[in-house]
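Values quoted throughout were computed directly from the atomic coordinates according to the rules given, and no laboratory measurement underlies them. Here the structure is a predicted model, which means the values were calculated and not measured. Cβ: placed from backbone, ideal geometry, glycine included. Neighbour counts: every protein chain shown.
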Amino acid sequence: MSFNVSVLPSGRSFTADAGESLLTAAIRQGIGLPYGCKDGACGSCKCKMLQGAVSHGAHQVKALSAEEEANGFILTCCGEAHSDVVLESRQVTDESAFPIRKMPARVTSLQRASPDVMVVRLQLPASDTLKYHAGQYVEFLLRDGDRRAYSMANAPFTQLDTPGLELHIRHMPGGKFTDHVFGAMKEKEILRIEGPYGSFFLREDSAKPIVMVAAGTGFAPIKALIEHMQFKNITRPAVLYWGGRRPADLYQNDWILARLQEMPNLRYVPVISDALPEDGWLGRTGFVHRAVLQDISDLSGHQVYACGAPIVVESARDDYSALADLPTEEFFADSFTTEADKAQKA
């Protein structure tokens, strides 16, 4: 049995099989619904159900509260249709749905960018460019069936000469995959990846000024956005707020400074939350998302692109809407949920 799912205001539709999540069905049929973790942890896929019946699998309360569910909101990543369904989602786009593929990838370099961040570069099969939007991510397919997701830190155009990906991987002590990256992984190792995934990419049909908020390795997809903007000569005013606990967490600070010399419409505000005297930090301090509010009290005419830990993304989404009048449909995010985050399901 299958059910018809219609999405407003785009008017696009797809079918979902019984027992299949709405998001899985949409991805299978090339429909670009918004999403992030695909695992009920981040809330990026939350949307309003206008008609129909949907039941949810396990998910975190912070992703969808009981009150939100009672008011008709659903998570498409773990919601299964029990009838025909009508959804309201304003981020459905034709161009966001590149085909998802599996392919081998060879490790070509491992560069320690900070004590706990590794820049991993992967070579893809010759003449086999992975089509994706700057800001999207791939998943590593581990031998035991588990998956780990990481954003591409290089824009698609960088593959024109040599197909390959750049990933920024933070060490999570005890983590099955990151312990391997920071321990036994060697150059020439063969891995398997699948992608592209995610609905985080630059909305190029807008002329609004851009505010980018990155926390830690949330900089990776933001770096890809900046590269893409430079390549496409997108000259909308843009400002990057990059936050870390210590200055070393801004692990590609020099890369940004070099872009500032080439992109006159780009500004940069580094923010450190836990600077120590020995750091000699003289710049902005505090929480990175709050630095935006200190500088821009009215976000009603902006677009915001936020990446990093769920607490940063959620705080930015809530505060920018409540305190600075940011339209909810102009907030785009990639919430970096860890395996520990995903395990905390209701």
Which residue fluctuates most in the GNM of the chain (Cα springs below 10 Å): Glu80, Glu204, Glu139?
Glu204
Backbone HN-Hα couplings from phi across segment 329-334 [Karplus 6.51/-1.76/1.60, Hz, Gly and Pro as x]:
7, 9, 10, 10, 8, 10
Hey, if you put +1 on the Cβ of every Lys and Arg and -1 on every Asp and Glu Cβ in the chain, which of Phe3, Gly145, Leu240 ends up farthest toward the positive end of that dipole?
Gly145
I need the phi-derived Karplus couplings for segment 80-86: 6.51 cos²θ - 1.76 cosθ + 1.60, θ = phi - 60°, integer Hz, Gly and Pro marked x.
10, 6, 10, 6, 4, 10, 10
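Just check segment 236-323 against the gyration tensor rule for me: Cα atoms, a ≥ b ≥ c as the square roots of the eigenvalues, rounded for a/c under 1.5, and otherwise prolate or oblate depending on whether a/b exceeds b/c.
oblate
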Given an 8 Å cut-off on Cα distances and at least 6 residues of separation, report the relative contact order of the chain as a percent.
16 percent
What pairs in Lys102/Lys176; Lys48/Lys176; Lys48/Lys131; Lys186/Lys232; Lys38/Lys223 have C-alpha atoms more than 25 Å from each other?
Lys48/Lys176; Lys48/Lys131; Lys186/Lys232
Options (i) 37, 21, 19; (ii) 43, 23, 18; (iii) 31, 25, 20 for semi-axes √(5λ) of the Cα gyration tensor in Å; the value derived from the coordinates is listed as (iii)
In a solvent-free Debye calculation with one equal scatterer on each Cα, what is log10 I(q)/I(0) for segment 101-197 at q = 0.16, 0.22 Å⁻¹, listed in the order of the q values?
-0.62, -1.22
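Which percent of the Cα-Cα distances in segment 1-89 go past 14 Å?
Tail of the P(r) past 14 Å holds 57 percent of the pairs.
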Long-range amide H partners of Arg148, meaning residues 5 or more apart or on another chain whose placed amide H is closer than 5 Å, are Phe140, Leu142
Dipole-positive endmost among His59, Val85, Ala258 within the chain (Cβ charges, Cα centre)
Ala258
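Can you give the % of DSSP beta bridges in the chain that are antiparallel, to the nearest 5?
60 percent
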Please identify the trypsin sites (Lys or Arg not before Pro) of segment 153-232 that satisfy two criteria: DSSP loop assignment and at most 12 other Cβ atoms within 10 Å. Which are they?
Lys186, Lys188
Placed amide H near Ser44: partners under 5 Å, 5+ positions off or other chain
Gly36, Cys37
Candidate aspartates and glutamates - alpha carbon under 14 Å from Lys208, same-chain residues fewer than 8 apart omitted:
Asp298, Glu329, Glu330
Ranked Arg317, Arg267, criterion: other C-beta atoms within 10 Å, fewest first
Arg267, Arg317
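Can you show me the helix-derived [θ] at 222 nm for the chain, built from DSSP H runs with n ≥ 4 at -39,500 (n - 2.57) apiece and divided by the number of residues, rounded to the nearest 500.
After summing the helix terms and dividing by the residues of the chain, the value is -5500 deg cm²/dmol.
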Each residue of segment 238-247 in order: what ³J(HN,Hα) in whole Hz does its phi give by Karplus 6.51 cos²θ - 1.76 cosθ + 1.60, θ = phi - 60°, with x for Gly and Pro?
9, 9, 9, 9, 10, x, x, 6, 10, x
